[in-house]
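Written below as structure tokens is the structure these notes are about.
The values are calculated or read from the model by the stated rules, or taken from the named source; none is laboratory data. Please read these numbers as outputs of a predicted model, since none were measured by experiment. Cβ placement follows ideal geometry from the backbone for every residue including glycine, while neighbour counts extend to all protein chains displayed. Ligands, DNA and RNA are stripped out before the accessible areas are found, and what is left, the full protein with its side chains, is counted by its heavy atoms. Shrake-Rupley method; radii C 1.70, N 1.55, O 1.52, S 1.80 Å.
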Amino acid sequence: MNMTYKDFDRYLKDYPNKEGFFGPYGGQYLPDELVPAFKEIDDAYETICHSAKFINELRRIRKEFQGRPTPVYHCERLSNYLGKCQIYLKREDLNHTGAHKLNHCMGEGLLAKYMGKKKLIAETGAGQHGVALATAAAYFGLECDIYMGEVDIAKQAPNVTRMKLLGARVIPVSKGLKTLKEAVDAAFEAYLNEYKDAIYCIGSAVGPHPFPKMVRDFQSIVGIEAREQFLEMTGNLPDAIAACVGGGSNAIGLFVPFLGDPVDIYGVEPLGKGAKLGDNAASMTFGKPGILHGFQSYLLQDEDGNPAPVYSVASGLDYPSVGPEHAFLHDVGRINYVSVSDDEAMDAFYKLCRLEGIIPAVESSHALAYAIRYAKEHETGSILVNLSGRGDKDMDFVVEKFGLGNDDGILKEESAKEFVADKYGLGDSFKEI
């Protein structure tokens, strides 16, 4: 079944179905003891998502606490450096806590408060979900446990400190590869023992129903705002939109409001070091249907059908599966899933720093890298990228591993100054700064 943008009039009413399936993907694959807990979450969400009181409170939080709406920004210097195709950014890095994650964490925290829960439990990879949930817990007066792989704790030290300052308990995970997949395993195990008093706030558009639906609904504010803002700025819709895809929360939030428009959509997966199993986390590109963490979707698997080891330079993208809605939209042909290597992502990271004065998250740099590729391949037009997070959390890791961006093949500081000076006629004095 192929679906074009004209087929999406009733999409949000039809998907997921009552059992939480997007076509063959999604659902609930749970231990028997957790089935009532997830039914309780589903019933509570279906009650309050249509409540004017809940909706108005969430709107107030977004405006007064999160600082929404976040702006759309035109990367004029980067665009002109590349050619004539124009690159725009939806600045989720300017959302409170520095990423899109707070959009669903505040919604999940409000839901937990409504349900009378005392604790929020979650996993985190890059740390942005952990920071966002710790923020929500502090806001609503709840306890908070965050499970994080030891490898990611070392890579994302600033975010670990933020979580602790906000009152969360950061629990190291030392099993397996000590990254995101293992953190999810540990958080699920903890929730199994505490579900009566806690709620597991999944960090992406993954997991058992109703979490993929809930996260999509909360994150759709990104695309709703971006669509309206882009139309106001330019009088047109973008020719294309792009977002990085690990679990897929920032991407689904941008994509869904554009599904019914004549816009090309690109989900950008981490190719990492290459196509070899274990060298990437591109589950849509190299995976096949399988079950992980209570839901069915595309899954990177070894020869025995077990979840394969994964890798990405971006801690928030190294997950062996992907949200079930992404799997469905891939199969029906509405979204194009592409991949970007570590090297491409880091080149994009430095280019945005030098030309636009914006330090992006390494995760978001994957989407930006694809936009750069797109701009080089298209003589005109426009592409809107979800800049899902800022790079404060990544700076120490990037500088230690890659330096300050003065290597061959990466936009050098002096070349950036010369380009800007020559392009805008600022004279030799600017080049000397």
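Mind listing whichever residues of the stretch 348-380 are of a type in the set (Gly, Ala, Ser) and part of a helix (DSSP H, G or I)?
Pass one, the stretch 348-380, residues of a type in the set (Gly, Ala, Ser): 348, 357, 361, 364-365, 367, 369, 371, 375.
Across the stretch 348-380, the qualifying residues are Ala348, Ser364, Ser365, Ala367, Ala369, Ala371, Ala375.
Per-residue answers, yes or no, for (1) at negative phi; (2) open to solvent by 10 Å² or more (accessible area, probe 1.4 Å):
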residue	(1), (2)
Lys119	yes, yes
Gly127	no, no
Ala138	yes, yes
Leu142	yes, yes
Asp145	yes, no
Val151	yes, yes
Ala157	yes, yes
Arg162	yes, yes
Ala168	yes, yes
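Condition (residue is outside any strand (DSSP E or B) and either more than 22 Å from Leu177 (Cβ to Cβ) or modelled with pLDDT under 95 (or both)) applied to the stretch 274-286: is it met by at least one residue? Talk me through it step by step, then tell me what you get.
So in the stretch 274-286, the residues outside any strand (DSSP E or B) come out as 274-286.
Right, trim to either more than 22 Å from Leu177 (Cβ to Cβ) or modelled with pLDDT under 95 (or both) and you get none.
No, the stretch 274-286 contains no residue that is outside any strand (DSSP E or B) and either more than 22 Å from Leu177 (Cβ to Cβ) or modelled with pLDDT under 95 (or both).
Taking the stretch 238-296, which residues are open to solvent by 20 Å² or more (accessible area, probe 1.4 Å), acidic (Asp, Glu) and within 24 Å of Met346 (Cα to Cα)?
Scanning the stretch 238-296 gives a single hit, Asp279.
Here are the criteria: (1) in contact with an Asp or Glu (Cβ under 7 Å, 6 or more places away or on another chain); (2) within 23 Å of Leu89 (Cα to Cα); (3) surrounded by 21 or more Cβ atoms within 10 Å (Cβ to Cβ); (4) not hydroxyl-bearing (Ser, Thr, Tyr). Tell me which single one Gly381 does not satisfy.
Going through (1) in contact with an Asp or Glu (Cβ under 7 Å, 6 or more places away or on another chain); (2) within 23 Å of Leu89 (Cα to Cα); (3) surrounded by 21 or more Cβ atoms within 10 Å (Cβ to Cβ); (4) not hydroxyl-bearing (Ser, Thr, Tyr) one by one, Gly381 breaks only (3).
Going by the conditions given, is Asp185 among the acidic types (Asp, Glu), within 20 Å of the chain's Cα centre (by Cα), crowded, with 24+ Cβ neighbours inside 10 Å and not in a loop (DSSP other than H, G, I, E, B)? Outline the logic, then answer.
On the way: among the acidic types (Asp, Glu): yes; within 20 Å of the chain's Cα centre (by Cα): yes; crowded, with 24+ Cβ neighbours inside 10 Å: no; not in a loop (DSSP other than H, G, I, E, B): yes.
It is false that Asp185 is among the acidic types (Asp, Glu), within 20 Å of the chain's Cα centre (by Cα), crowded, with 24+ Cβ neighbours inside 10 Å and not in a loop (DSSP other than H, G, I, E, B).
Step by step: first the residues of the stretch 11-39, then only those that are part of a helix (DSSP H, G or I) and open to solvent by less than 80 Å² (accessible area, probe 1.4 Å), then the one that is nearest to Ile221 (Cα to Cα). Which residue is that? Please lay out each step first, then the result.
Here is the first cut: in the stretch 11-39, the ones part of a helix (DSSP H, G or I) are 11-14, 32-39.
When the remaining residues are screened for being open to solvent by less than 80 Å² (accessible area, probe 1.4 Å), the result is 11, 14, 34-35, 37-38.
Details: Tyr11: 17, Asp14: 20, Leu34: 30, Val35: 29, Ala37: 27, Phe38: 25 Å.
Per the stated criteria, the residue is Tyr11.
Among the residues in the stretch 217-224, are any outside any loop (DSSP other than H, G, I, E, B), in contact with a Cys (Cβ under 7 Å, 6 or more places away or on another chain) and open to solvent by 10 Å² or more (accessible area, probe 1.4 Å)?
Yes.
Return the only residue of Ser364, Ser339 being touching a strand residue (DSSP E or B) at 6+ places or on another chain (Cβ under 8 Å), touching a residue at least 40 places away in the same chain (Cβ under 8 Å) and open to solvent by less than 10 Å² (accessible area, probe 1.4 Å). Show your work before the answer.
Working: Ser339 fails: open to solvent by less than 10 Å² (accessible area, probe 1.4 Å).
Result: Ser364 is the single residue among Ser364, Ser339 that is touching a strand residue (DSSP E or B) at 6+ places or on another chain (Cβ under 8 Å), touching a residue at least 40 places away in the same chain (Cβ under 8 Å) and open to solvent by less than 10 Å² (accessible area, probe 1.4 Å).
Please tell me if Leu231 is open to solvent by 10 Å² or more (accessible area, probe 1.4 Å), in a loop (DSSP other than H, G, I, E, B), modelled with pLDDT of 95 or more and out of contact with any Ser or Thr (no Cβ under 6 Å at 6 or more places or on another chain).
Details: open to solvent by 10 Å² or more (accessible area, probe 1.4 Å): yes; in a loop (DSSP other than H, G, I, E, B): no; modelled with pLDDT of 95 or more: yes; out of contact with any Ser or Thr (no Cβ under 6 Å at 6 or more places or on another chain): yes.
The answer is no for Leu231.
Could you please give the count of residues in the stretch 89-112 that are of a type in the set (Gly, Ala, Ser) and either at pLDDT below 95 or on the phi > 0 side of the Ramachandran plot (or both)? Write out each step before concluding.
First, pick out the residues of the stretch 89-112 that are of a type in the set (Gly, Ala, Ser): 98-99, 107, 109, 112.
Subset that is either at pLDDT below 95 or on the phi > 0 side of the Ramachandran plot (or both): 98.
Going through the stretch 89-112 one residue at a time, the tally reaches 1.
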